[in-house]
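Take a look at the structure set out below.
Bear in mind that the values in this text are calculations on the coordinates, not laboratory data. The shown structure was predicted, so the numbers you read here are calculated from the model rather than taken from an experiment. Glycine gets a Cβ as well: all are built from the backbone with ideal geometry, and neighbour counts include every protein chain shown.
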Amino acid sequence: MPFMSSINVGLFGLGVVGSGVLEILRRNGELIRRRLGAELRVTKAVTAHPEKKRAVPLDGISVSRDPDTILKDPNIHIVAELMGGTDLARRVVLDALNAGKPVVTANKALLALHPAEIFGKAYEKGLPLGLEASVAGGIPVLRALREGLAADQILEITGIVNGTCNYILTKMSEEGAAFDQVLAEAQRLGYAEADPTFDVGGFDAGQKLAVLVNLAYGATVNFPDIHVEGIAGVTPMDIGYARQLGYAVKLLAIAKPRGERVEARVHPALISRSHLLASVGGVFNAVFLTGDNVESTLHYGRGAGGLPTGSAVVGDLIDLSRAILSRSLGRMPPLSVQREHVRALAVMPMDEINSEYYLRFQVQDRPGVLAQITRVMGDRNISIKSMFQPSQADHPEDPVQVVLITHQALERDVQASLREIQPMPFVRGPTQMIRIETFEK
Ligand SMILES: NC(=O)c1ccc[n+]([C@@H]2O[C@H](COP(=O)([O-])OP(=O)(O)OC[C@H]3O[C@@H](n4cnc5c(N)ncnc54)[C@H](OP(=O)(O)O)[C@@H]3O)[C@@H](O)[C@H]2O)c1
């Protein structure tokens, strides 16, 4: 290969992340040149609206609507896909790899929904994929998984990976405000989308968890098998009671290897207020990774935003440029394991997980009620760790709240108990169930 004085990047998307990438290359171009030994530059971009005015200068960049201007250009060395979506983005990533170009993408949806196709193509072509920006924005957690922790079996992944949900839960906790009220405020401040379903419904975190699991276990999981629950049902009352009991409420993305399967789930969870993740507030993200040798590690930072996410993209561009310059494109297997060891990994059904549970019953205040609840649970081997009755009813017909914390129990048994208790005559409203994450020892 002749001496290369520059690495040319074709950029798909000039939105929040694409603009962040250009801004970083503008600010730190000289520093990056010293680190790389070559200039890293974007020479072409493709966007839906090439005529749109951008916040960053586009000097020296030819902008088009036609993907082939990048994909068919032999002078483009790396393709960065920063558009999002799974239609055009999928075609662009596959065509770029087919054309022999390494790819950087921030697109968790594409990676979570089409892992076999995307990773399969990268393996087939012997090309690297830069994915850092797809999970937890600016936090280099995928690099930690693929490289820093390459010596370890990953025993547990527990992440706060959606800034919108963490912002809402933090505000609800600090101000005692209701979900809807804090969501509206988050939308006003630009921390939540006009349609917040993807974030508050847990789907964004679910897609990020799928990417983490794939890289941690050299596997592809079927995304729809990941259990996803959002935060809309969390009330200030539960957050308050949880605090009194020594817990914080967080939306967690959790994965644990279970023999030939993996536990992979996203849902609100109580965690001890003394755990490091409990102090991750506002829009910040953190991923807690436990390896069999290294034990606990915590990776914390900004999970979104043009510059933090752009930093992850440019870090990947530098990494892939180094691979091009040193002719070592096959150095990093896309899923951390050699091609012949990639496997399809089954997700364990929720019914089979074990957890501790926070259960808040709304019941009539009369003798015997608690005995009936605990009998149903006892019949299914669910033992009660503690009980908390925050208030007495003013009037005999008013409901009282009864909170039970269970020991480890099987989800199937807890769900069956709740189904049996709910129609009982003393029950005055829906029962709240939030799992408690106690972390693997
Ligand atoms: N924003 C974040 O903080 C963040 C963090 C982590 C990961 N990500 C991921 O990064 C990716 C980009 O997100 P973003 O926030 O930068 O999105 P964005 O601001 O909406 O920008 C999307 C860009 O893609 C272009 N585009 C959309 N459809 C296109 C099409 N059919 N043909 C050509 N160009 C098209 C748009 O063109 P026009 O501008 O011309 O309309 C725009 O420049 C997504 O996969 C997202 O999940 C984002």
(request) Once you have the Cα-Cα distance between Ser328 and Ser62, take 0.36 nm times their residue separation minus that, and quote the gain in nm to one decimal. (result) 92.8 nm
(request) Using the Karplus curve 6.51 cos²θ - 1.76 cosθ + 1.60 with θ = phi - 60°, work out ³J(HN,Hα) for each residue of the range 258-269 in order, rounded to whole Hz, and write x for Gly and Pro. (result) 9, x, 8, 10, 9, 8, 9, 8, 10, 6, x, 8
(message) At R0 = 30 Å, how high is the FRET efficiency between Glu174 and Ala48 if r is their beta carbon distance? Nearest 0.05 is fine.
(response) 0.15
(request) Compute the FRET efficiency between Asn354 and Glu124 as 1/(1 + (r/R0)^6), taking r as their Cβ-Cβ distance and R0 = 51 Å, and round to the nearest 0.05. (result) 0.85
(message) Applying a 10 Å radius around every beta-carbon, put 197-206, 51-60, 167-176, 430-439 in order of their mean neighbour count, most first.
(response) 197-206, 167-176, 430-439, 51-60
(request) Return the percentage of antiparallel bridges among DSSP beta bridges fully within the chain, rounded to the nearest 5 %. (result) 65
(request) Quick one: Debye curve from the alpha-carbon atoms of the range 362-409 only, equal weights, vacuum; give me log10 I(q)/I(0) at q = 0.30 Å⁻¹ to two decimals. (result) -1.14
(request) Could you calculate the FRET efficiency of Asn75 with Ala150 from 1/(1 + (r/R0)^6), where r is the beta carbon distance between them and R0 is 25 Å, rounded to 0.05? (result) 0.15
(message) Rounded to whole Å, give me the distance from the Cα center of the range 60-85 to that of the range 171-202.
(response) 36
(message) Let's test this: bin the Cα-Cα distances of the chain at 20 Å from zero up to the farthest pair and state each bin's percent.
(response) 24, 50, 21, 5, 0
(request) Can you tell me the order of 244-255, 324-335, 184-195 when each peptide is scored by its average per-residue count of other Cβ atoms within 10 angstrom, highest first? (result) 244-255, 324-335, 184-195
(message) I want to check the label-to-label distance for Glu39 and His395. Put each point 7 Å from Cα in the C-beta direction and report it in nm to one decimal.
(response) 7.9
(request) Take each of the peptides 6-19, 216-229, average the number of other beta-carbon atoms within 10 Å over its residues, and list them starting from the highest. (result) 6-19, 216-229
(message) Whole angstrom only: what separates the Cα centroid of the range 104-155 from the Cα centroid of the range 385-441?
(response) 40
(message) What does the extension gain come out to for Met237 and Gln422, with contour length at 0.36 nm per residue minus their alpha carbon separation?
(response) 64.6 nm
(message) Shape verdict for the range 64-129, please, from the Cα gyration tensor: rounded (a/c under 1.5), prolate (a/b greater than b/c) or oblate.
(response) oblate
(request) Using the structure shown, list the pairs from Lys53/Lys171; Lys52/Lys125; Lys108/Lys250; Lys52/Lys250; Lys121/Lys208 with a Cα-Cα distance above 31 Å, or answer none. (result) Lys53/Lys171; Lys52/Lys125; Lys52/Lys250
(message) Place a point 7 Å from Cα of Arg343 in the direction of its Cβ. Which residues in the range 250-268 have their backbone N less than 11 Å from it?
(response) 258-262
